[in-house]
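The values are calculated or read from the model by the stated rules, or taken from the named source; none is laboratory data. Given the structure is predicted, the values throughout are model-derived calculations rather than measurements. Note: ideal-geometry Cβ built from the backbone for every residue, glycine included; neighbour counts use all protein chains shown. With ligands, DNA and RNA removed, areas are computed over all heavy atoms of the protein, side chains included. Shrake-Rupley method; radii C 1.70, N 1.55, O 1.52, S 1.80 Å.
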Amino acid sequence: MRRRVRGSGTVLSGSQRRVRGSGTVLSGSQRRKMIHSLFLINCSGDIFLEKHWKSVVSQSVCDYFFEAQEKAIDVENVPPVISTPHHYLISIYRDKIFFVSVIQTEVPPLFVIEFLHRVADTFQDYFGECSETAIKDNVVIVYELLEEMLDNGFPLATESNILKELIKPPTILRSVVNSITGSSNVGDTLPTGQLSNIPWRRAGVKYTNNEAYFDVIEEIDAIIDKSGSTVFAEIQGVIDSCIKLSGMPDLSLSFMNPRLLDDVSFHPCIRFKRWESERVLSFIPPDGNFRLISYRVSSQNLVAIPVYVKHMISFKENTSSGRFDVTIGPKQNMGKTVEGVVMTVHMPKAVLNMNLTATQGSYTFDPVTKVLTWDVGKITPQKLPNLKGMVNLQSGAPKPEENPSLNIQFKIQQLAISGLKVNRLDMYGEKYKPFKGVKYITKAGKFQVRT
């Protein structure tokens, strides 16, 4: 009975019909031919889980993916779309796991990538982490989730509250009861929100403490040249929400400066016309954790670079040694502390070893992968962290043609580097007064300094 109702009467949410705000609606032929198989691959190259929705696709199709993986310098550089003689492989990399989907016909790649991210988010929501261990420990629930999320190869139930009514999240008590009684986590009835016009929110929600939290998280992608000038800078931002409100609240979230946002992608609960006319987010929220919007700030003059790097890396001609000297300092951080600083450097192949001294933190050098990692921690402007010393090269080896790039990671609490600020949150439709909170975090995305 459930199969017939799900197959005939369900209307997909906005995020399932569209691909990140692009407005792409799949045609009838594309709806019939979506994802055929899904393989989960760890960093060692082991396929530890596979799921097929139509005919079984052999694991040998992943050989094309492994070839592309070998050619890539870094795991994040593996092409997301790989064409093979009979299939397309579309993949994402999350939490040290490759989610590789097998497609037999041309479909919008972003549609599949969005679905794969939704699968990873669902595992994170159910198990607390999206790791190989967590997936193996809950393999039955994983297969049940995949069966509900994809119907005949096409995304169906991807909203968290609907899935949690269909398949109850694992608990120790439920696991014990299921093992004794032989029952499963699958619910007996269809979710109340599945056929409503707001499928993202279940009915009859009640909380003792009504709370609404918003996390404004921004990542800076930047390339800094040898002289310290900015070659490229962009901010990728998201607003993650945790809403625990009783009843059916109607929320309005406004910003001090919404005009700086570009390329905004919305959760389907948001009323788009209100945003277009007033730049206000008006929505009936899902219950629990969800991503409200994602956005981009691409204007170079709006992107403040929060750290600077002084570097002097040199390799002497006709000798087997070189110099390495790097200092990291805060630049424009509005009085906030830069913390969690980590620098990674892929040194040239000719480097045998490095004898360095760090004034702060600790460093490691892997002579096999040639990767130098310096864990700095928190930066204090009074005493800037410095790492310097000698580089030992292979004797007789030619001088490296180019200096390595420095990849920097950092985090700044209570700061949105774009300057975005939440103005106010208003609630309609309910009489109680909720507790409201906003947190800002800035961190490095792909932040590279060329030397």
- Message: Take the residues in the stretch 44-103 that are closer than 20 Å to LEU145 by Cα and of a type in the set (S, T, N, Q); name whichever of them is most open to solvent (accessible area, probe 1.4 Å).
- Response: SER55
- Is it true that PHE410 is part of a strand (DSSP E or B), aromatic (Phe, Trp, Tyr) and within 26 Å of ALA304 (Cβ to Cβ)? yes
- Would you tally the residues in the stretch 432-442 being under 23 Å from ASP221 (Cα atoms) and surrounded by fewer than 17 Cβ atoms within 10 Å (Cβ to Cβ)? 1
- Taking the stretch 361-402, which residues are open to solvent by 50 Å² or more (accessible area, probe 1.4 Å), part of a strand (DSSP E or B) and touching a Lys or Arg at 6+ places or on another chain (Cβ under 9 Å)? LYS388, MET390
- Please find, within the stretch 110-133, the residue that is modelled with the highest pLDDT out of those that are open to solvent by 10 Å² or more (accessible area, probe 1.4 Å) and small (Gly, Ala, Ser). SER131
- Message: I need the full set of residues from the stretch 210-232 which are open to solvent by less than 40 Å² (accessible area, probe 1.4 Å) and more than 22 Å from ILE313 (Cα to Cα), in order please.
- Response: ASN210, ALA212, PHE214, VAL216, ILE217, GLU218, ILE220, ASP221
- Item | Residue match in the stretch 78-95 (condition: in contact with a Phe, Trp or Tyr (Cβ under 6 Å, 6 or more places away or on another chain), farther than 28 Å from LEU156 by Cβ and not hydroxyl-bearing (Ser, Thr, Tyr)) | no
- Check whether at least one residue in the stretch 276-294 is loosely packed, with under 15 Cβ neighbours inside 10 Å and over 30 Å from GLY247 (Cβ atoms), and report yes or no. no
- Could you identify the single residue in ASP221, ASP215, ASP151 that is modelled with pLDDT of 90 or more, over 30 Å from MET427 (Cβ atoms) and among the charged types (D, E, K, R)? ASP221
- Item | Number of the exception - LYS316 against (1) open to solvent by 10 Å² or more (accessible area, probe 1.4 Å); (2) under 19 Å from the mean Cα position of the chain (by Cα) | (2)
- Note on the structure: Checked the stretch 346-383 for anything in contact (Cβ under 8 Å) with a residue 12 or more places away in the chain, closer than 30 Å to ALA397 by Cβ and of a type in the set (D, E, K, R); matches are LYS349, LYS370, ASP375
- Message: Condition first: under 29 Å from ASN257 (Cα atoms), of a type in the set (Lys, Arg), in a loop (DSSP other than H, G, I, E, B) and over 23 Å from the mean Cα position of the chain (by Cα). Can you find one or more residues in the stretch 433-440 that meet it?
- Response: yes
